[in-house]
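Student: I'd like to ask you about the structure that follows.
The values are calculated or read from the model by the stated rules, or taken from the named source; none is laboratory data. Owing to the predicted nature of the structure, the values given are computational and were not obtained by experimental measurement. Quick reminder, even Gly has a Cβ in these numbers, built from the backbone with ideal geometry, and neighbours come from all protein chains shown.
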Amino acid sequence: MSTFTTPDPALVSRYRTRAPRYTSYPTAPQFAPIAAQELVAGLAAGTGPVSLYAHIPFCAKRCHYCGCHVEIHGNRDIGDRYVDGLLAEAALWARPMQAGRQMAQLALGGGTPTFLRPAQLTRLVDGLRALWPQAAGAELAIEVDPRTVTKEDLENVVAVGFTRVNLGVQDVDEGVLAAVNRPQPFHLVESAVATLRRAGLNQVGVDLVYGLPQQTDETFTRTIEAVAGLAPGRIALFQYAHVPWLKPAQKLLERFARPDAEGRTRMWKIAREKLGAAGYREIGMDHFALPDDELVASLEAGHLQRNFEGYTTHGGLDLLGLGVSAIGFFGGRYAQNRKDREGWEADIEAGRFPTERGFVLSDDDHLRRRVIMELFCNFGVRFAPAEADSLAAELARLAPFEADGLVVCTPGRVEVTELGRFFIRNVCATFDKYLEADDGKRRYSETA
(Lines give C-alpha, C1' and ligand atoms only; values in the text may rest on other atoms or scores of the structure.)
Protein backbone atom coordinates (compact mmCIF):
# COMPACT_ATOMS: atom_id res chain seq x y z
CA MET A 1 0.00 0.00 0.00
CA SER A 2 1.48 3.31 -1.03
CA THR A 3 2.20 6.13 1.41
CA PHE A 4 -0.83 8.27 2.09
CA THR A 5 -0.33 12.02 2.06
CA THR A 6 -2.75 13.74 4.42
CA PRO A 7 -4.74 16.34 2.43
CA ASP A 8 -4.04 19.93 3.31
CA PRO A 9 -6.76 21.25 5.66
CA ALA A 10 -7.53 24.05 3.22
CA LEU A 11 -8.11 21.47 0.47
CA VAL A 12 -10.39 19.44 2.75
CA SER A 13 -12.33 22.60 3.61
CA ARG A 14 -12.70 23.57 -0.04
CA TYR A 15 -14.19 20.22 -1.04
CA ARG A 16 -16.25 19.73 2.09
CA THR A 17 -19.86 19.35 1.01
CA ARG A 18 -22.65 16.77 1.13
CA ALA A 19 -22.90 14.09 -1.51
CA PRO A 20 -24.12 10.50 -1.91
CA ARG A 21 -22.05 7.39 -1.31
CA TYR A 22 -23.31 6.05 -4.63
CA THR A 23 -24.39 2.54 -3.79
CA SER A 24 -26.79 3.30 -6.63
CA TYR A 25 -27.16 5.78 -9.45
CA PRO A 26 -29.52 7.52 -9.60
CA THR A 27 -29.62 7.59 -5.81
CA ALA A 28 -32.67 6.68 -3.74
CA PRO A 29 -33.97 10.25 -3.26
CA GLN A 30 -34.70 10.30 -7.00
CA PHE A 31 -36.94 7.23 -6.84
CA ALA A 32 -40.66 7.71 -7.47
CA PRO A 33 -43.76 5.48 -7.71
CA ILE A 34 -43.23 2.82 -10.34
CA ALA A 35 -45.85 0.74 -12.17
CA ALA A 36 -46.05 -3.01 -11.60
CA GLN A 37 -45.78 -3.65 -15.36
CA GLU A 38 -42.38 -1.93 -15.35
CA LEU A 39 -41.20 -4.35 -12.68
CA VAL A 40 -42.59 -7.34 -14.56
CA ALA A 41 -40.85 -6.22 -17.76
CA GLY A 42 -37.52 -5.90 -15.96
CA LEU A 43 -37.87 -9.29 -14.30
CA ALA A 44 -38.92 -11.06 -17.49
CA ALA A 45 -36.00 -9.65 -19.49
CA GLY A 46 -33.29 -11.02 -17.22
CA THR A 47 -31.22 -14.12 -17.80
CA GLY A 48 -28.48 -15.87 -15.88
CA PRO A 49 -27.83 -16.08 -12.15
CA VAL A 50 -29.35 -13.69 -9.61
CA SER A 51 -28.18 -11.96 -6.46
CA LEU A 52 -30.55 -11.76 -3.49
CA TYR A 53 -30.58 -9.35 -0.56
CA ALA A 54 -32.92 -9.95 2.37
CA HIS A 55 -33.35 -7.23 4.98
CA ILE A 56 -33.97 -8.40 8.53
CA PRO A 57 -34.90 -5.19 10.36
CA PHE A 58 -35.07 -6.42 13.94
CA CYS A 59 -32.66 -5.39 16.69
CA ALA A 60 -32.83 -5.92 20.45
CA LYS A 61 -31.63 -2.36 21.13
CA ARG A 62 -31.14 0.82 19.12
CA CYS A 63 -27.57 2.00 18.47
CA HIS A 64 -27.73 5.78 18.32
CA TYR A 65 -25.29 6.16 15.41
CA CYS A 66 -27.16 3.72 13.15
CA GLY A 67 -28.47 4.88 9.78
CA CYS A 68 -30.18 1.60 8.85
CA HIS A 69 -33.88 0.83 8.78
CA VAL A 70 -34.51 -1.08 12.03
CA GLU A 71 -37.29 -2.17 14.38
CA ILE A 72 -36.62 -2.73 18.07
CA HIS A 73 -38.01 -6.05 19.35
CA GLY A 74 -37.23 -8.33 22.25
CA ASN A 75 -39.21 -11.38 21.14
CA ARG A 76 -37.67 -13.53 18.42
CA ASP A 77 -41.04 -15.21 17.76
CA ILE A 78 -41.79 -12.37 15.33
CA GLY A 79 -39.23 -13.95 13.01
CA ASP A 80 -41.70 -16.73 12.06
CA ARG A 81 -44.17 -14.30 10.53
CA TYR A 82 -41.43 -12.26 8.91
CA VAL A 83 -39.86 -15.31 7.23
CA ASP A 84 -43.32 -16.23 5.94
CA GLY A 85 -43.52 -12.78 4.37
CA LEU A 86 -40.02 -12.95 2.87
CA LEU A 87 -40.70 -16.28 1.18
CA ALA A 88 -44.10 -15.14 -0.10
CA GLU A 89 -42.50 -11.97 -1.47
CA ALA A 90 -39.72 -13.99 -3.11
CA ALA A 91 -42.32 -16.12 -4.86
CA LEU A 92 -43.96 -12.96 -6.25
CA TRP A 93 -40.65 -11.80 -7.73
CA ALA A 94 -39.84 -15.26 -9.11
CA ARG A 95 -43.14 -15.64 -10.98
CA PRO A 96 -42.36 -13.40 -14.00
CA MET A 97 -38.73 -14.50 -14.23
CA GLN A 98 -37.43 -16.96 -16.77
CA ALA A 99 -37.18 -20.53 -15.51
CA GLY A 100 -33.88 -22.06 -14.53
CA ARG A 101 -32.19 -19.02 -13.00
CA GLN A 102 -29.90 -19.80 -10.08
CA MET A 103 -28.84 -17.96 -6.93
CA ALA A 104 -25.20 -16.89 -7.21
CA GLN A 105 -25.21 -14.57 -4.21
CA LEU A 106 -27.29 -14.16 -1.07
CA ALA A 107 -26.73 -11.44 1.51
CA LEU A 108 -28.67 -10.98 4.72
CA GLY A 109 -28.40 -7.55 6.33
CA GLY A 110 -30.26 -5.50 8.85
CA GLY A 111 -31.00 -4.80 11.54
CA THR A 112 -29.66 -8.05 12.94
CA PRO A 113 -30.09 -11.10 10.68
CA THR A 114 -29.17 -13.45 13.53
CA PHE A 115 -32.21 -12.09 15.38
CA LEU A 116 -33.80 -14.98 13.48
CA ARG A 117 -33.64 -18.21 15.41
CA PRO A 118 -31.67 -21.07 13.80
CA ALA A 119 -34.84 -22.81 12.58
CA GLN A 120 -36.19 -19.55 11.11
CA LEU A 121 -32.91 -18.80 9.31
CA THR A 122 -32.71 -22.34 7.95
CA ARG A 123 -36.28 -22.17 6.65
CA LEU A 124 -35.58 -18.86 4.92
CA VAL A 125 -32.45 -20.03 3.12
CA ASP A 126 -33.98 -23.38 2.14
CA GLY A 127 -37.06 -21.58 0.80
CA LEU A 128 -34.95 -19.26 -1.35
CA ARG A 129 -32.97 -22.21 -2.68
CA ALA A 130 -36.25 -23.85 -3.69
CA LEU A 131 -37.07 -20.83 -5.86
CA TRP A 132 -33.56 -20.28 -7.22
CA PRO A 133 -31.29 -23.32 -6.94
CA GLN A 134 -27.91 -22.41 -5.52
CA ALA A 135 -25.22 -22.02 -8.19
CA ALA A 136 -21.84 -23.69 -7.82
CA GLY A 137 -19.46 -21.38 -5.98
CA ALA A 138 -22.26 -19.14 -4.72
CA GLU A 139 -21.46 -16.64 -2.00
CA LEU A 140 -23.79 -16.55 1.00
CA ALA A 141 -23.06 -13.69 3.40
CA ILE A 142 -24.68 -12.61 6.66
CA GLU A 143 -24.19 -9.74 9.09
CA VAL A 144 -23.75 -10.71 12.74
CA ASP A 145 -23.96 -8.69 15.96
CA PRO A 146 -21.33 -10.12 18.36
CA ARG A 147 -23.28 -8.85 21.38
CA THR A 148 -26.39 -10.95 20.85
CA VAL A 149 -25.33 -13.92 18.75
CA THR A 150 -25.01 -17.30 20.46
CA LYS A 151 -22.71 -20.24 19.77
CA GLU A 152 -25.75 -22.13 18.46
CA ASP A 153 -26.60 -19.26 16.11
CA LEU A 154 -23.08 -19.17 14.67
CA GLU A 155 -22.81 -22.93 14.23
CA ASN A 156 -26.15 -22.89 12.43
CA VAL A 157 -24.95 -20.09 10.12
CA VAL A 158 -22.16 -22.39 8.99
CA ALA A 159 -24.38 -25.47 8.81
CA VAL A 160 -26.93 -23.65 6.62
CA GLY A 161 -24.16 -22.92 4.13
CA PHE A 162 -23.14 -19.30 4.64
CA THR A 163 -19.67 -18.75 3.26
CA ARG A 164 -18.97 -15.27 4.66
CA VAL A 165 -19.81 -13.54 7.94
CA ASN A 166 -19.47 -9.82 8.62
CA LEU A 167 -19.21 -8.85 12.27
CA GLY A 168 -20.58 -5.45 13.25
CA VAL A 169 -17.80 -4.29 15.58
CA GLN A 170 -17.78 -0.51 14.85
CA ASP A 171 -15.22 0.30 17.60
CA VAL A 172 -13.60 -1.40 20.59
CA ASP A 173 -13.25 1.54 22.98
CA GLU A 174 -15.64 1.35 25.94
CA GLY A 175 -16.17 5.12 26.03
CA VAL A 176 -17.04 5.34 22.35
CA LEU A 177 -19.36 2.35 22.53
CA ALA A 178 -21.12 3.76 25.60
CA ALA A 179 -21.65 7.08 23.82
CA VAL A 180 -23.38 5.41 20.86
CA ASN A 181 -25.43 3.08 23.11
CA ARG A 182 -23.65 -0.07 21.98
CA PRO A 183 -21.78 -1.66 24.93
CA GLN A 184 -19.72 -4.52 23.52
CA PRO A 185 -16.84 -6.17 25.39
CA PHE A 186 -14.15 -7.10 22.88
CA HIS A 187 -14.04 -10.68 24.13
CA LEU A 188 -17.45 -11.18 22.48
CA VAL A 189 -15.91 -10.31 19.12
CA GLU A 190 -12.95 -12.63 19.74
CA SER A 191 -15.30 -15.43 20.77
CA ALA A 192 -17.45 -15.06 17.65
CA VAL A 193 -14.40 -15.20 15.38
CA ALA A 194 -13.06 -18.26 17.17
CA THR A 195 -16.41 -20.06 17.03
CA LEU A 196 -16.76 -19.46 13.30
CA ARG A 197 -13.24 -20.64 12.56
CA ARG A 198 -13.66 -23.78 14.65
CA ALA A 199 -16.83 -24.49 12.66
CA GLY A 200 -14.84 -24.23 9.42
CA LEU A 201 -15.77 -20.73 8.22
CA ASN A 202 -12.69 -18.60 7.63
CA GLN A 203 -14.14 -15.80 5.50
CA VAL A 204 -14.85 -13.42 8.36
CA GLY A 205 -15.13 -9.66 7.84
CA VAL A 206 -15.35 -6.80 10.31
CA ASP A 207 -17.26 -3.52 9.98
CA LEU A 208 -15.80 -0.41 11.65
CA VAL A 209 -16.90 3.23 11.77
CA TYR A 210 -14.70 6.30 12.08
CA GLY A 211 -15.86 9.77 13.05
CA LEU A 212 -17.96 8.51 15.97
CA PRO A 213 -18.50 10.58 19.12
CA GLN A 214 -15.69 10.33 21.66
CA GLN A 215 -13.27 8.81 19.16
CA THR A 216 -9.72 10.16 19.30
CA ASP A 217 -6.59 9.31 17.38
CA GLU A 218 -5.47 7.20 20.33
CA THR A 219 -8.68 5.24 20.81
CA PHE A 220 -9.05 4.68 17.09
CA THR A 221 -5.47 3.42 16.81
CA ARG A 222 -6.22 0.82 19.49
CA THR A 223 -9.36 -0.22 17.61
CA ILE A 224 -7.47 -0.74 14.34
CA GLU A 225 -4.70 -2.67 16.06
CA ALA A 226 -7.15 -4.90 17.96
CA VAL A 227 -9.16 -5.74 14.85
CA ALA A 228 -6.08 -6.31 12.68
CA GLY A 229 -4.89 -8.73 15.36
CA LEU A 230 -7.89 -10.94 14.57
CA ALA A 231 -6.78 -11.10 10.90
CA PRO A 232 -10.26 -10.87 9.33
CA GLY A 233 -10.24 -11.35 5.58
CA ARG A 234 -12.00 -8.03 4.99
CA ILE A 235 -12.40 -4.82 6.95
CA ALA A 236 -15.02 -2.26 5.99
CA LEU A 237 -14.21 1.20 7.38
CA PHE A 238 -17.21 3.47 7.04
CA GLN A 239 -17.30 7.16 7.80
CA TYR A 240 -20.01 7.96 10.31
CA ALA A 241 -22.87 9.73 8.54
CA HIS A 242 -24.44 12.27 10.87
CA VAL A 243 -27.90 12.83 9.39
CA PRO A 244 -30.21 13.50 12.36
CA TRP A 245 -32.85 14.96 10.02
CA LEU A 246 -33.20 11.41 8.68
CA LYS A 247 -32.29 9.45 11.82
CA PRO A 248 -33.59 11.31 14.88
CA ALA A 249 -31.78 9.05 17.37
CA GLN A 250 -28.53 10.62 16.18
CA LYS A 251 -29.57 13.85 17.88
CA LEU A 252 -28.67 12.12 21.16
CA LEU A 253 -25.04 12.11 20.03
CA GLU A 254 -24.79 15.86 19.67
CA ARG A 255 -23.93 16.27 23.35
CA PHE A 256 -20.64 14.46 22.69
CA ALA A 257 -17.55 15.74 20.91
CA ARG A 258 -17.13 14.31 17.40
CA PRO A 259 -13.98 14.36 15.26
CA ASP A 260 -13.97 17.23 12.78
CA ALA A 261 -12.91 16.90 9.14
CA GLU A 262 -9.21 17.09 10.05
CA GLY A 263 -9.68 14.50 12.76
CA ARG A 264 -11.47 12.13 10.39
CA THR A 265 -8.68 12.60 7.87
CA ARG A 266 -6.10 11.62 10.49
CA MET A 267 -8.13 8.54 11.43
CA TRP A 268 -8.29 7.44 7.81
CA LYS A 269 -4.53 7.87 7.58
CA ILE A 270 -4.05 5.82 10.77
CA ALA A 271 -6.20 2.99 9.42
CA ARG A 272 -4.53 3.02 6.04
CA GLU A 273 -1.03 2.88 7.45
CA LYS A 274 -1.75 0.35 10.20
CA LEU A 275 -3.71 -1.99 7.93
CA GLY A 276 -1.16 -1.64 5.16
CA ALA A 277 1.56 -2.68 7.60
CA ALA A 278 -0.59 -5.69 8.55
CA GLY A 279 -0.74 -6.81 4.91
CA TYR A 280 -4.12 -5.47 3.84
CA ARG A 281 -4.84 -4.08 0.39
CA GLU A 282 -7.05 -1.04 -0.02
CA ILE A 283 -10.29 -1.76 -1.90
CA GLY A 284 -12.23 1.18 -3.27
CA MET A 285 -13.28 3.97 -0.96
CA ASP A 286 -13.73 2.20 2.35
CA HIS A 287 -12.71 -1.46 2.28
CA PHE A 288 -9.51 -3.37 3.01
CA ALA A 289 -8.78 -7.03 2.24
CA LEU A 290 -5.98 -9.53 2.68
CA PRO A 291 -4.13 -10.43 -0.54
CA ASP A 292 -5.84 -13.80 -1.03
CA ASP A 293 -9.35 -12.29 -0.98
CA GLU A 294 -11.29 -12.40 -4.25
CA LEU A 295 -11.90 -8.65 -4.05
CA VAL A 296 -8.16 -8.09 -4.50
CA ALA A 297 -8.07 -10.24 -7.63
CA SER A 298 -11.11 -8.41 -8.98
CA LEU A 299 -9.50 -5.04 -8.26
CA GLU A 300 -6.27 -6.01 -9.98
CA ALA A 301 -8.22 -7.18 -13.04
CA GLY A 302 -10.19 -3.91 -13.09
CA HIS A 303 -13.47 -5.76 -12.58
CA LEU A 304 -14.42 -4.59 -9.09
CA GLN A 305 -18.08 -3.61 -8.78
CA ARG A 306 -20.33 -2.00 -6.19
CA ASN A 307 -23.96 -2.33 -5.16
CA PHE A 308 -26.10 -1.97 -2.03
CA GLU A 309 -24.14 -4.82 -0.45
CA GLY A 310 -20.84 -2.94 -0.81
CA TYR A 311 -17.91 -3.86 -3.02
CA THR A 312 -18.53 -7.14 -4.77
CA THR A 313 -17.49 -9.48 -7.55
CA HIS A 314 -21.17 -10.09 -8.37
CA GLY A 315 -22.23 -6.53 -9.20
CA GLY A 316 -23.38 -7.32 -12.74
CA LEU A 317 -26.14 -9.68 -11.66
CA ASP A 318 -29.81 -8.85 -11.34
CA LEU A 319 -30.31 -7.98 -7.66
CA LEU A 320 -33.62 -8.70 -5.93
CA GLY A 321 -34.31 -6.89 -2.65
CA LEU A 322 -36.52 -8.75 -0.18
CA GLY A 323 -38.03 -7.40 3.03
CA VAL A 324 -38.99 -3.99 4.34
CA SER A 325 -36.99 -1.10 2.81
CA ALA A 326 -34.90 -3.43 0.60
CA ILE A 327 -33.76 -2.15 -2.80
CA GLY A 328 -33.26 -4.25 -5.92
CA PHE A 329 -31.86 -3.50 -9.36
CA PHE A 330 -32.82 -5.57 -12.40
CA GLY A 331 -33.52 -4.95 -16.05
CA GLY A 332 -32.34 -1.34 -15.76
CA ARG A 333 -34.85 -0.65 -12.99
CA TYR A 334 -34.51 0.08 -9.28
CA ALA A 335 -37.25 -1.09 -6.94
CA GLN A 336 -37.46 -0.16 -3.25
CA ASN A 337 -39.86 -1.88 -0.89
CA ARG A 338 -42.15 -0.19 1.57
CA LYS A 339 -40.62 0.63 4.94
CA ASP A 340 -43.74 0.00 7.05
CA ARG A 341 -43.95 -3.69 7.83
CA GLU A 342 -47.75 -3.77 8.04
CA GLY A 343 -48.07 -2.26 4.57
CA TRP A 344 -45.37 -4.59 3.24
CA GLU A 345 -47.25 -7.60 4.61
CA ALA A 346 -50.60 -6.35 3.25
CA ASP A 347 -49.22 -5.95 -0.27
CA ILE A 348 -47.74 -9.44 -0.23
CA GLU A 349 -50.93 -11.02 1.13
CA ALA A 350 -52.83 -9.30 -1.70
CA GLY A 351 -50.41 -10.69 -4.29
CA ARG A 352 -48.87 -7.27 -5.06
CA PHE A 353 -45.23 -6.33 -5.26
CA PRO A 354 -44.51 -4.47 -1.99
CA THR A 355 -42.65 -1.78 -3.94
CA GLU A 356 -43.04 1.79 -2.77
CA ARG A 357 -40.73 3.55 -5.23
CA GLY A 358 -38.43 2.83 -8.13
CA PHE A 359 -36.64 4.25 -11.13
CA VAL A 360 -36.30 3.26 -14.80
CA LEU A 361 -32.90 4.27 -16.14
CA SER A 362 -32.52 6.11 -19.44
CA ASP A 363 -29.53 5.60 -21.72
CA ASP A 364 -27.97 8.72 -20.20
CA ASP A 365 -28.54 7.34 -16.69
CA HIS A 366 -26.86 4.08 -17.67
CA LEU A 367 -23.80 5.97 -18.94
CA ARG A 368 -23.51 8.08 -15.80
CA ARG A 369 -24.04 5.02 -13.62
CA ARG A 370 -21.19 3.23 -15.35
CA VAL A 371 -18.87 6.23 -15.00
CA ILE A 372 -19.63 6.72 -11.30
CA MET A 373 -19.31 3.04 -10.44
CA GLU A 374 -16.03 2.68 -12.35
CA LEU A 375 -14.59 5.69 -10.55
CA PHE A 376 -15.80 4.48 -7.18
CA CYS A 377 -14.48 0.95 -7.66
CA ASN A 378 -11.41 1.18 -9.87
CA PHE A 379 -10.51 4.91 -9.64
CA GLY A 380 -10.50 5.32 -13.38
CA VAL A 381 -12.87 5.25 -16.32
CA ARG A 382 -12.58 5.23 -20.11
CA PHE A 383 -14.95 6.95 -22.51
CA ALA A 384 -15.83 6.28 -26.11
CA PRO A 385 -15.74 9.49 -28.19
CA ALA A 386 -19.53 9.76 -28.25
CA GLU A 387 -19.66 9.29 -24.46
CA ALA A 388 -17.06 12.01 -23.93
CA ASP A 389 -19.10 14.34 -26.14
CA SER A 390 -22.23 13.58 -24.13
CA LEU A 391 -20.43 14.38 -20.86
CA ALA A 392 -18.36 17.30 -22.15
CA ALA A 393 -19.76 19.74 -19.57
CA GLU A 394 -19.06 17.37 -16.68
CA LEU A 395 -15.54 16.65 -17.90
CA ALA A 396 -14.91 20.39 -18.12
CA ARG A 397 -16.01 20.76 -14.50
CA LEU A 398 -13.15 18.47 -13.48
CA ALA A 399 -10.63 21.21 -14.30
CA PRO A 400 -10.38 22.45 -10.68
CA PHE A 401 -9.95 18.86 -9.50
CA GLU A 402 -7.09 18.41 -11.94
CA ALA A 403 -5.50 21.70 -10.87
CA ASP A 404 -5.60 20.45 -7.27
CA GLY A 405 -3.95 17.16 -8.20
CA LEU A 406 -7.03 15.02 -7.59
CA VAL A 407 -7.58 13.67 -11.10
CA VAL A 408 -5.67 13.29 -14.35
CA CYS A 409 -7.75 13.85 -17.49
CA THR A 410 -6.56 12.63 -20.87
CA PRO A 411 -8.56 12.10 -24.07
CA GLY A 412 -10.96 9.26 -23.40
CA ARG A 413 -9.95 8.70 -19.77
CA VAL A 414 -10.23 10.09 -16.25
CA GLU A 415 -7.97 8.70 -13.56
CA VAL A 416 -8.20 9.52 -9.86
CA THR A 417 -4.87 10.19 -8.19
CA GLU A 418 -3.73 8.84 -4.84
CA LEU A 419 -4.69 12.13 -3.21
CA GLY A 420 -7.95 12.26 -5.15
CA ARG A 421 -9.16 8.99 -3.63
CA PHE A 422 -9.89 10.87 -0.44
CA PHE A 423 -12.28 13.07 -2.44
CA ILE A 424 -13.81 10.32 -4.59
CA ARG A 425 -17.39 11.25 -3.65
CA ASN A 426 -16.76 14.80 -4.85
CA VAL A 427 -15.32 13.53 -8.13
CA CYS A 428 -18.28 11.20 -8.73
CA ALA A 429 -20.79 13.90 -7.84
CA THR A 430 -19.54 15.87 -10.86
CA PHE A 431 -21.31 13.33 -13.09
CA ASP A 432 -24.56 13.28 -11.06
CA LYS A 433 -27.06 15.29 -13.09
CA TYR A 434 -29.68 15.11 -10.33
CA LEU A 435 -27.52 16.48 -7.53
CA GLU A 436 -27.60 20.15 -8.50
CA ALA A 437 -31.39 20.13 -8.67
CA ASP A 438 -31.38 18.58 -5.20
CA ASP A 439 -28.80 21.04 -3.83
CA GLY A 440 -31.18 23.09 -1.74
CA LYS A 441 -32.33 20.03 0.20
CA ARG A 442 -29.26 17.84 0.25
CA ARG A 443 -29.85 14.95 2.62
CA TYR A 444 -26.45 13.34 2.40
CA SER A 445 -23.54 13.08 4.81
CA GLU A 446 -20.38 15.17 4.54
CA THR A 447 -17.81 14.06 2.00
CA ALA A 448 -14.74 14.82 4.13
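Student: Contact list please: Cβ distance under 8 Å, first residue in the range 80-98 and closer than 17 Å to PHE58 by Cβ and at pLDDT 95 or above, second residue surrounded by fewer than 17 Cβ atoms within 10 Å (Cβ to Cβ) and charged (D, E, K, R), pairs at least six apart or on different chains.
Tutor: Going by the 8 Å Cβ cut-off, there are no qualifying pairs.
Student: Name the residues in the range 173-201 that are in contact with a strand residue (DSSP E or B) (Cβ under 9 Å, 6 or more places away or on another chain) and either in a loop (DSSP other than H, G, I, E, B) or modelled with pLDDT under 95 (or both), would you?
Tutor: The answer is VAL180, ARG182, GLN184, LEU201.
Student: What are the residues in the range 334-377 that are within 24 Å of MET285 (Cβ to Cβ), in contact with a strand residue (DSSP E or B) (Cβ under 9 Å, 6 or more places away or on another chain) and surrounded by 17 or more Cβ atoms within 10 Å (Cβ to Cβ), if any?
Tutor: Matches in the range 334-377: TYR334, GLN336, PHE359, LEU361, ASP365, VAL371, ILE372, MET373, GLU374, LEU375, PHE376, CYS377.
Student: Having 3 or more residues that are in the same structural domain as ARG306 (by TED's automatic domain parsing) is the bar; report the helices (runs of 4 or more DSSP H) wholly within the range 366-428 that clear it.
Tutor: Counting at least 3 such residues, we get no helices (runs of 4 or more DSSP H) at all.
Student: Checking the conditions here, which among THR47, THR112 is among the polar types (S, T, N, Q) and crowded, with 17+ Cβ neighbours inside 10 Å?
Tutor: Criteria check complete, one pass: THR112.
Student: Go through the residues of the range 128-150 one by one and say whether even a single one is within 20 Å of ARG197 (Cα to Cα), under 21 Å from the mean Cα position of the chain (by Cα) and of a type in the set (Val, Ile, Thr).
Tutor: Yes: the range 128-150 contains one or more residues that are within 20 Å of ARG197 (Cα to Cα), under 21 Å from the mean Cα position of the chain (by Cα) and of a type in the set (Val, Ile, Thr).
Student: Against the definition (buried (at least 20 other Cβ atoms within 10 Å of the Cβ) and over 27 Å from VAL180 (Cα atoms)), how does TYR25 come out, yes or no?
Tutor: So TYR25 passes the test.
Student: Filter the range 279-333 for residues that are small (Gly, Ala, Ser), surrounded by fewer than 17 Cβ atoms within 10 Å (Cβ to Cβ) and modelled with pLDDT of 95 or more and give the result.
Tutor: Passing the criteria: only GLY279.
Student: For VAL144, are the conditions met, namely being assigned by TED's automatic domain parsing to the domain that holds LEU188, in contact with a helix residue (DSSP H, G or I) (Cβ under 7 Å, 6 or more places away or on another chain) and surrounded by 23 or more Cβ atoms within 10 Å (Cβ to Cβ)?
Tutor: The answer is yes for VAL144.
Student: Filter the range 411-427 down to the residues that are of a type outside the set (S, T, N, Q) and touching a residue at least 60 places away in the same chain (Cβ under 8 Å) and list them by number.
Tutor: GLU418, LEU419, ARG421, PHE422, PHE423, ILE424, ARG425, listed by residue number.
Student: Right, something else. Looking at this structure, is LEU43 among the hydrophobic types (A, V, I, L, M, F, W, C) and not assigned by TED's automatic domain parsing to the domain that holds ALA178?
Tutor: Numbers: among the hydrophobic types (A, V, I, L, M, F, W, C): yes; not assigned by TED's automatic domain parsing to the domain that holds ALA178: no.
Against the criterion (among the hydrophobic types (A, V, I, L, M, F, W, C) and not assigned by TED's automatic domain parsing to the domain that holds ALA178), LEU43 does not qualify.
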